[in-house]
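The values are calculated or read from the model by the stated rules, or taken from the named source; none is laboratory data. None of the values given here were measured: they were computed from a predicted structure. Methodologically, a virtual Cβ is constructed for each residue, glycine included, from the backbone with ideal geometry; neighbour enumeration extends over all protein chains shown. To get the accessible areas, we keep the full protein, side chains included, count just its heavy atoms, and leave off ligands, DNA and RNA. Shrake-Rupley method; radii C 1.70, N 1.55, O 1.52, S 1.80 Å.
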Amino acid sequence: MSAGMIPIAEPDLKGNEERYLLECLRSGWISSQGKFVTNFEKGFAEYIGTKHAAALSSGTAALHLALAAVGVGAGDEVILPTLTMLACANVVHYLGATPVLADSEEETWNLDPDDLERKITPRTKAIMVVHLYGHPAKMDRIMEVAERHHLPVVEDCAESHGAKVHTRMTGSIGTIGAFSLYSNKIITTGEGGMVTTNDATLDQKMKWMRNQCYDPPKRKLLIHNGIGYNYRMTSLQAAVGLAQLERSEELVAHHRKVAQEYDRLLAPVPGITRPPELPWARNVYWMYTPRIDAAKFGMTRDAVVESLGKQQIDSRSSFRPIHLQPPYPSLGGPGSFPVAERLGEEGINLPSGNVTTLDHVHRVVNALVEMRKSLA
Ligand SMILES: *Cc1c(COP(=O)(O)O)cnc(C)c1O
């Protein structure tokens, strides 16, 4: 990235990250053994409000292990929204199960509870809900549907650290919460993931599976009682994570402050719809993602991304729905999920990371306003 470029999202590592990392290095405990990983898990569970947490190597590993733990296997179906990152469908595929896509609803951009219910079949084994861009899905309705059909719910919280449904954190509402700690997420360990749950049996199972299913876990006898994975997190990552966790509410507050400034300045601009925050929700605005209505704004979203780029402002299009991605042609063609397709065409991620300043926000909004003027 060139020097003058306004980045879309960068980590803020100015707390105790360096201190804890040095402490970890000097202790010699750099693998997944030792106090940093267990302390990070304990602190993470406390923050989210669950009894247990297990640290992992990525958010994708977290989703994969969560689905494996609730028993998803060959021939099963998992229902998930089409508007999300491709990893969500891939983990279903890894297990030999079939991703069954559902449309999104406009109010939160997330899994439509009515379409979810329509997609349930006797083969449905689990529901995966995603809290996209930091706004929680309609969990009250989704949990009601899931409980009526006795289905476990995996919450993809990769973009929703600290987001709330009423007073409860995302990741504490469904059966298992799956977090990513990749470097552009709200809190990070560089690469990393975490699963949260109140179910001690599921927690034990995931901790067993992440470590090659060693049994007993002390490994002296080198017996594996199953086919597991190496999805362990290192102490080095956990040391960084502990420092990030200390500042999680501060980082969430920063994202909300940036969003508030965008909201205020974009309110009068025709053709731009600001991202939602429903009365029962705390949106953490992982990425500030408004919609560009091409007819009213005068330019398509793609043209806006390109024009911002020429002005040294980094932005992205919102996710391309899974059913329009090359690996999954069988999951539905164009027109099958109209709401998700529109959100995928109109959404734009504006710079809104942990180091985005209000001055950056002003420059981005000015660029958008000037773009419209030059069309008039
Ligand atoms: C980032 C992300 C993931 C994947 O997390 P990794 O840590 O990159 O494996 C999964 N789902 C969503 C919605 C994400 O944003």
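Do you know which of the residues in region 1-19 that are in a loop (DSSP other than H, G, I, E, B), among the charged types (D, E, K, R) and in contact (Cβ under 8 Å) with a residue 40 or more places away in the chain is surrounded by the most Cβ atoms within 10 Å (Cβ to Cβ)?
Within region 1-19, the match that is surrounded by the most Cβ atoms within 10 Å (Cβ to Cβ) is ASP12.
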### Flag if MET85 is open to solvent by 40 Å² or more (accessible area, probe 1.4 Å) and either at pLDDT 95 or above or basic (Lys, Arg) (or both)
yes
## Note on the structure
The number of residues in region 73-111 that are more than 23 Å from TYR182 (Cβ to Cβ) and in contact with a strand residue (DSSP E or B) (Cβ under 6 Å, 6 or more places away or on another chain) is 7
### Query
Looking at region 66-81, is at least one residue modelled with pLDDT of 95 or more, within 16 Å of the ligand (Cβ to nearest atom), open to solvent by 10 Å² or more (accessible area, probe 1.4 Å) and among the small types (Gly, Ala, Ser)?
yes
### Task
Can you work out which of the residues in region 206-220 that are in a helix (DSSP H, G or I) and farther than 17 Å from VAL153 by Cβ is most open to solvent (accessible area, probe 1.4 Å)?
TRP208
### Task
Keeping to region 315-332, report how many residues are open to solvent by less than 80 Å² (accessible area, probe 1.4 Å), under 20 Å from SER352 (Cα atoms) and not polar (S, T, N, Q).
1
### Query
Does region 189-205 hold any residues that are away from the ligand (no atom under 16 Å from the Cβ) and either open to solvent by less than 10 Å² (accessible area, probe 1.4 Å) or β-branched (Val, Ile, Thr) (or both), and which are they?
THR197, THR201, ASP203
## Note on the structure
Exactly one of LEU116, LEU86 is aliphatic (A, V, I, L, M) and over 30 Å from LEU251 (Cβ atoms), and that residue is LEU116
### Summary
Expected output for region 106-133 (first residue away from the ligand (no atom under 16 Å from the Cβ) and open to solvent by less than 10 Å² (accessible area, probe 1.4 Å), partner at pLDDT 95 or above and part of a loop (DSSP other than H, G, I, E, B), Cβ below 8 Å, 6+ apart or cross-chain) is PRO113/GLU105; PRO113/LYS138
### Query
Is there a residue in region 252-266 that is surrounded by 18 or more Cβ atoms within 10 Å (Cβ to Cβ), within 16 Å of the ligand (Cβ to nearest atom) and either assigned to a loop (DSSP other than H, G, I, E, B) or at positive phi (or both)?
no
### Message
Checking GLU159 against (1) within 12 Å of the ligand (Cβ to nearest atom); (2) of a type outside the set (S, T, N, Q); (3) assigned to a strand (DSSP E or B): exactly one of these is not met. Which one?
### Response
(3)
### Message
Regarding region 164-186, can at least one residue be identified that is more than 30 Å from LEU13 (Cβ to Cβ), of a type in the set (Gly, Ala, Ser) and open to solvent by 10 Å² or more (accessible area, probe 1.4 Å)?
### Response
yes
### Task
State which residue is farthest from ILE176 (Cα to Cα) when the search covers only region 20-62 and only residues that are surrounded by fewer than 22 Cβ atoms within 10 Å (Cβ to Cβ) and among the β-branched types (Val, Ile, Thr).
ILE30
### Message
Among the residues of region 206-224, are any touching a residue at least 24 places away in the same chain (Cβ under 8 Å), closer than 19 Å to ILE187 by Cβ and not aromatic (Phe, Trp, Tyr)?
### Response
no
